[in-house]
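Novice: One structure, as C-alpha cells, below. Some questions next.
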Amino acid sequence: MDTTLLVTVVLVVVFALVFDFTNGFHDTANAMATSVATGALKPRTAVVIAGVLNLVGAFLSTEVAKTISSGIIKTDSSGHEMITPALIFAGLVGAIIWNLVTWYLGLPSSSSHALFGGLIGAAILGAGLGAISWSGVITSIVIPALLAPLVAGVAALIGTVIVYRMTKQATVPHAKPAFRIAQTVSASLVALAHGTSDAQKTMGVITLTLIAANVQQAGTGPQLWVILTCGLAIGLGTAIGGFRIMRTVGTRITPVESPQGFAAETASAATILASSHLGFPLSTTQVVSGSIVGVGLGKRLAQVDWGVAGRIGLGWIFTLPAAAVVGAVAALVAISSTIGLVAVAVVAVVGVAVIFRLAAKKPVNAGNVNEGAPEAAPQLQGAAA
Amino acid sequence: MIDIDWGKFAIVAGVVLLASVVLPLFYSGGVRLLETAGTTSAPARVGAWACFAVCIAAVLFGLWVVVPQFH
C-alpha cells in the first residue's frame with residue numbers, strides 16, 4: 001500500500017469513528033428525550049442506559065450495514081467500487097460538519113441523511129452522477145424519510161388517544177408510575193434498535209473503505225476490531241450526552257407527559273424494529289420526532305409548537321443536500337493531492353473545534369435539559385381532562 | 001423506471017399501527033383494571049396481569065426481532 005492510500009485509510013477510519021461519536025451524542029435524544037422530559041429517568045441515567053444499549057446493539061445486527069456498503073454507491077462493470085477511500089473521507093467530513101451544525105442549533109436532524117449526503121456529494125464530484133444508484137436513493141432514503149415519521153406520528157396519535165381514554169385522562173391511581181415504567185422499557189428498545197442500525201452505518205463505511213483499498217475481500221462483513229471500535233464510539237458519544245437536542249425533542253415540540261411518552265416510544269420502537277427488520281436504513285431521529293408531534297396532537301389541550309416542528313422539518317430537507325455540498329467541496333480538495341487531503345483533515349478539525357467552542361458558550365447539560373418541560377408546571381394531567 | 005416495493009412499506013405501516021393500538025390498549029387496560037381491582041376483586045387483578053403479560057410478550061418479541069442470533 002502506498003503512503004497516500006495508507007494515510008487516506010487511516011484518516012477514513014479516524015473520521016468514521018468521529019462521525020460515529022457525533023452520531024451518538026446527536027441522537028441520544030431520540031431514544032431518551034421523552035423519558036427525561038417526564039422525569040421517568042434522570043438525565044445522566046438515561047444517557048448511560050442509552051450508551052450501553054447502543055454498544056450492545058452494535059454487536060447484534062448487520063442488515064443496515066449491507067445497504068450502506070452496496071445500496072447507494074454503485075460498483076463499475078468489473079465490480080470495483082466507484083468510490084475511492086479519499087472520496088469516502090471527504091463524505092465523512094461533510095457528514096460530521098453538518099451533524100455538528102445541527103447539534104449546535106439543537107435540531108434533531110438525521111445523522112444517517114448527513115452520512116448519505118456527504119458520501120453522495122463526494123461521489124458525484126469524484127466519479128460523476130453515474131456513481132450514484134438513484135433508485136437506491138429513492139427507495140432507501142427519500143421514501144422512508146417521507147413515510148416513516150408520518151406513519152409513526154399517526155400511530156403515536158392513536159396510541160395517545162387510547163391511553164388517555166382508557167385511564168380517564170391518566171387520573172386513575174398508579175397511572176403515572178406505571179406509564180413511567182412502560183416508557184422506560186419502550187425507550188430502551190428504541191436505544192437498542194438505534195445501536196443496531198446506526199453503529200452499523202459507520203461499520204459499513206469503514207468496511208467499504210477497507211474493501212476499496214484492497215485490504216479486505218469484497219463481499220465480506222465487518223471485522224471484529226471495526227465492530228468493537230464503532231460500538232464504543234457511538235456508546236461513548238451517547239453516554240457523554242446529547243442534552244442539546246434532547247431538550248428540543250423532549251420539551252420544545254410539545255409538552256410530553258408519561259402516557260404520551262409511552263405512546264410515542266411504542267410507535268417509534270415498532271417503526272424502527274419493523275423497518276430495520278426489512279432492511280430499510282431509517283432515521284431514528286425522524287421517526288421519534290414524528291411520534292412526538294403525533295402524541296402532541298393526540299392529547300386534548302396539548303399544543304404542538306408548529307414553529308419548532310417547521311424548523312425541524314426544514315432541517316430535514318436541507319440535511320442531505322447541505323452535507324452533500326460540504327462533502328463535494330471536501331472531495332474537490334482531498335483528491336487533488338496528499339497535501340490537499342491533509343489540509344481537508346486540518347480544516348475539518350478546526351471547524352469541529354470552533355463549533356464546540358460556540359456550543360460551550362450556551363451549554364445544555366443534565367442540569368438544564370428540562371427547562372420548560374411540563375414538570376416545571378407540574379400536575380397538569382388532571383386539569384387537562 | 002424505479003421499482004419500488006410498496007408491499008414492504010405497507011407491512012411496516014401495518015405492523016406499526018397494530019402495535020400502537022394493541023400495546024396502549026392492553027397496558028392502559030391493565031392499569032385501569034388494577035385500579036378497579038383495588039384490594040378486593042381477584043378476577044380484575046388477574047385480568048390486569050394478563051394485560052401486562054401481553055405487553056411483556058410484545059417486548060420480548062421486539063427483542064427477538066432485533067437480535068438476529070435468535071432466528
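Novice: Sort A:Arg357, A:Arg180, A:Arg252 by Cβ crowding within 10 Å, fewest neighbours at the top.
Specialist: Numbers: A:Arg357 9, A:Arg180 19, A:Arg252 23.
The order, fewest Cβ neighbours first, is A:Arg357, A:Arg180, A:Arg252.
Novice: Taking a ≥ b ≥ c as the square roots of the eigenvalues of the Cα gyration tensor of the stretch A:151-199, is the shape rounded (a/c under 1.5), prolate (a/b larger than b/c) or oblate?
Specialist: The shape class here is oblate.
Novice: Further, regarding this structure: Using a basic spin-label model with each label point 7 Å from the Cα along Cα→Cβ, how many nm lie between A:Asn214 and A:Leu146?
Specialist: Reported label-point gap for A:Asn214 and A:Leu146 is 4.3 nm.
Novice: Hey, another quick one. Report ³J(HN,Hα) in whole Hz for each residue of the stretch A:20-37, in order, from the Karplus equation J = 6.51 cos²θ - 1.76 cosθ + 1.60 where θ = phi - 60°; Gly and Pro get x.
Specialist: 4, 4, 5, 4, x, 7, 6, 9, 3, 3, 3, 6, 9, 4, 6, 5, 6, 5
Novice: Under the Karplus relation 6.51 cos²θ - 1.76 cosθ + 1.60, θ = phi - 60°, what is the ordered set of whole-Hz ³J(HN,Hα) values for the stretch B:51-60, x standing for Gly and Pro?
Specialist: 4, 5, 4, 4, 5, 4, 4, 5, 5, 4
Novice: Given the stretch A:121-224 reduced to its alpha-carbon atoms as identical point scatterers, what log10 I(q)/I(0) does the Debye formula return at q = 0.20, 0.22, 0.23, 0.25 Å⁻¹?
Specialist: Summing over Cα pairs of the stretch A:121-224 leads to -1.20, -1.29, -1.31, -1.33.
Novice: For peptide B:51-60, compute the average count of partner chain beta-carbon atoms within 10 Å of each residue's beta-carbon.
Specialist: The shielding value for this peptide is 2.
Novice: Within the stretch A:4-21, which residues have the backbone N less than 16 Å from the label spot 7 Å out from A:Ser337 along Cα→beta-carbon, could you tell me?
Specialist: Taking a point 7 Å out along Cα→Cβ of A:Ser337, the residues of the stretch A:4-21 whose backbone N falls under 16 Å are A:4-5.
Novice: Quick one: which residues, 5 or more positions from A:Val256 or on another chain, have an amide H under 5 Å from its amide H? H modelled 1.01 Å from N in the peptide plane, none for Pro or chain starts.
Specialist: Counting only residues 5 or more places away or on other chains, the set is empty.
Novice: Let me ask something additional. Angle, helix A:338-361 long axis vs. longest principal axis of chain A, Cα atoms, 0 to 90°, nearest 10?
Specialist: That helix lies at roughly 20 degrees to the long axis.
Novice: If you place +1 on the Cβ of every Lys and Arg and -1 on the Cβ of every Asp and Glu, how big does the dipole about the Cα centre of the protein assembly as shown come out, in debye to the nearest 20?
Specialist: My answer is approximately 1220 debye.
Novice: Given chain A, report the % of alpha carbon pairs whose separation exceeds 29 Å.
Specialist: Working: 28201 of 73920 pairs.
Roughly 38 percent, rounded to a whole number.
Novice: With springs only between Cα atoms under 10 Å apart, run a GNM on chain A and tell me which of A:Asp198, A:Asp20, A:Asp305 wobbles the most.
Specialist: A:Asp305
Novice: Between A:Gln303 and A:Ile240, what length in nm is gained on full extension when 0.36 nm per residue of separation is reduced by their alpha carbon distance?
Specialist: 19.6 nm
Novice: By counting other Cβ atoms within 10 Å of each Cβ, how are A:Lys361, A:Lys42 ranked from fewest to most?
Specialist: Starting with the residue having the fewest Cβ neighbours, the order is A:Lys361, A:Lys42.
Novice: Can you run phi through the Karplus equation (6.51, -1.76, 1.60; θ = phi - 60°) for the stretch A:119-135 and list ³J(HN,Hα) in whole Hz, with x for Gly and Pro?
Specialist: 5, 5, x, 5, 5, 4, 5, x, 10, x, 4, x, 6, 9, 7, 5, 5
Novice: Enumerate the whole-percent occupancy of each 10 Å bin, from 0 to the last occupied one, for all C-alpha pair distances of chain B.
Specialist: 19, 32, 26, 15, 6, 2, 0
Novice: What is the spin-label model distance, in nm, from B:Ile4 to B:Ala44 if the labels are put 7 Å beyond Cα along the C-beta direction?
Specialist: Between B:Ile4 and B:Ala44, the label points sit 5.0 nm apart.
Novice: Just from its helices, what would the mean residue ellipticity at 222 nm be for the protein assembly as shown, if runs of 4 or more DSSP H residues each count -39500 (n - 2.57) and the sum is divided by every residue, rounded to the nearest 500 deg cm²/dmol?
Specialist: Rounded to the nearest 500, it is -24500 deg cm²/dmol.
Novice: Looking at the stretch A:193-307, I'd like the Rg to Rh ratio, where Rg is from alpha-carbon atoms and Rh is Kirkwood's inverse mean 1/r.
Specialist: 1.10
Novice: How shielded is A:264-276 by partner chains, expressed as the average number of their Cβ atoms within 10 Å of its Cβ atoms?
Specialist: 6
Read-outs throughout are calculated quantities, based only on the coordinates presented, and are distinct from any laboratory measurement. From a predicted model like this one, the values you see are computed outputs, not experimental measurements. Here Cβ is always computed from backbone atoms with ideal geometry, including for glycine, and neighbour counts include all displayed protein chains.
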